1. Would you mind putting 94-106, 237-249 in packing order, based on average other-beta-carbon counts within 10 Å, highest first?
2. What is the magnitude of the charge dipole of the range 300-424 about its Cα centre, with +1 placed on the Cβ of each Lys and Arg, -1 on the Cβ of each Asp and Glu, and no other charges, expressed in debye to the nearest 20?
3. Given H placed 1.01 Å from N in the peptide plane, which residues other than close sequence neighbours of N91 have an amide H under 5 Å from its amide H?
4. Given the range 342-424 reduced to its alpha-carbon atoms as identical point scatterers, what log10 I(q)/I(0) does the Debye formula return at q = 0.15, 0.19, 0.27 Å⁻¹?
5. How far apart, in nm, are the 7 Å Cα→Cβ label points at R355 and M130?
6. Please pull out the direction-averaged projected area of the chain, using the convex hull of its alpha-carbon atoms, in nm² to one decimal place.
7. So the label point goes 7 Å from the Cα of Q80 along Cα→C-beta, right? Which residues of the range 285-301 then have their backbone N under 13 Å from it?
8. So how far, in whole Å, is the C-alpha centre of the range 226-293 from the one of the range 319-396?
Amino acid sequence: MTCFFVFAMNARAQNGETLTLAEAIRLAVDKAPTSLEAQAALDAAKSHVDEIDSYAYPHLAADASYTRIDPVISIPFGNQVFTTQPNNNYNGNLNVQQLITAFGREGANDRAARSGIKTAEDNLSGAKTMAAFQTVQVYYALLTTDEAIRVENDQLKVLNDDLGISEQREKQGVSTSLDPLSTKVRISTIQSQISDLSSSRKKQESGLRRLVGFKPGVHISVTRPGGGTKLPENIDALDSMAEKSRSEILVAEDAENTAHLEVEALKQANNPVLTANVMGGYKDGYLPNLTQGKLNWMGGVSLHIPILDGGLVSSQVDQAEADYRAAQARTEDAKLGVQSDIEQALADIESSRARLALTDAQIAEAQQALDVAQVRYKNGAATNLDVLTAQEALEQAQLQQAQLRFSYDLSEYNLNRAVGIQMW
């Protein structure tokens with residue numbers, strides 16, 4: 001299904017169709033090297049659990065040997081000679097070994113290994129979140145640049161109209177050549193800004209192509225999404241959500257839990273080990289016919305009880321307990337870091353919202369000022385400089401609104417990331 005999705009997205013991009021933010025995130029998450037690395041780590045953690053579990057299953061081994069002995073000890077007895085062993089010694093057997101119990105040691109090791117799976121899963125989630133948010137940032141940078149280019153093109157149209165008016169007034173003798181010349185300078189400035197914005201867009205588009213895995217040169221169009229998930233702007237509620245969802249906290253808690261389980265496992269490292277062993281096979285060397293092979297078997301139970309280890313396990317437990325305390329400190333630091341991220345994201349949202357609320361009035365006033373300046377200029381009551389100044393004020397207000405609009409949306413996504421919302 002994923003392969004079909006990637007093929008379809010590449011085909012659409014080749015045709016210059018719009019790539020939505022959701023599609024871009026999905027592609028980027030699937031292709032991000034950090035996600036692939038985290039997925040490999042998860043696979044390794046699962047394999048490690050299988051390795052630990054394998055010690056509780058029967059182990060079967062086959063052995064075969066041949067030994068030539070010459071000479072062998074011979075004992076004459078009357079008219080006969082008896083040998084103590086054959087010249088050709090053959091031996092083949094199967095050996096089955098089964099762990100009966102390690103008195104809790106195997107269970108402790110299994111729990112410690114399984115905690116690694118949880119850590120790997122949370123690391124994978126964190127890698128995907130970072131890839132998704134990186135894609136959001138590049139995507140919104142493209143949106144902002146596209147909107148800035150649109151604003152500049154609208155202003156260029158206004159300036160071209162003004163140029164026509166100033167040239168007509170020059171022909172009528174009511175103004176000097178300075179008016180159309182000033183307008184042309186302003187037009188040239190806008191064109192230069194559009195060129196710079198277009199260059200920036202190419203770089204941003206290249207970055208997005210790299211993230212989603214498109215080939216170089218493929219044109220990507222973007223469209224404004226609906227914004228991130230709306231969250232309550234209450235610091236306590238957000239902190240509570242983050243403690244359950246933010247990957248940095250979950251990974252730190254996983255590491256703390258793993259460290260605790262490692263302590264418990266090491267405390268049982270000197271537990272006795274009880275195993276059963278059964279071996280059967282075919283060999284020669286049995287009296288009275290030493291050269292005739294026979295089926296044979298033997299079985300037994302062994303108990304291994306460690307007595308002295310020179311303080312090895314005690315030292316390992318002390319080290320593991322120190323690692324556990326360090327993991328606890330890292331968990332607390334992760335929680336404080338996430339709280340700071342949430343506070344900063346809320347501050348960005350509040351600031352962007354307050355500034356954005358003022359831009360509608362600023363644009364309306366700037367547009368009205370430009371309309372009045374143009375009318376007054378046509379009637380000879382204002383100079384061309386008044387028109388250019390009003391036009392530049394409108395341009396700046398529109399650019400500011402575009403930037404703030406997308407900054408506000410991006411700050412919402414940043415709050416989603418700070419809380420741990422899965423954007424993909």
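Derivation of every value follows stated rules applied to the coordinates shown; laboratory data play no part. What you are looking at is a predicted structure, and each value in this text was computed from that prediction instead of being measured. Counting neighbours? That spans all protein chains shown, and the Cβs are built from the backbone with ideal geometry, glycine included.
1. Details: 94-106: 15.2, 237-249: 18.4.
Descending mean neighbour count gives 237-249, 94-106.
2. Dipole about the Cα centre, nearest 20: 360 debye.
3. Correct list: S65.
4. For the requested q values the scattering log ratios are -0.62, -0.79, -1.12.
5. Modelled inter-label distance: 2.8 nm.
6. Across all orientations, the chain yields a mean hull projection of 35.8 nm².
7. 287-290
8. Spelled out, the Cα-based centre of one part sits 49 Å from the other.
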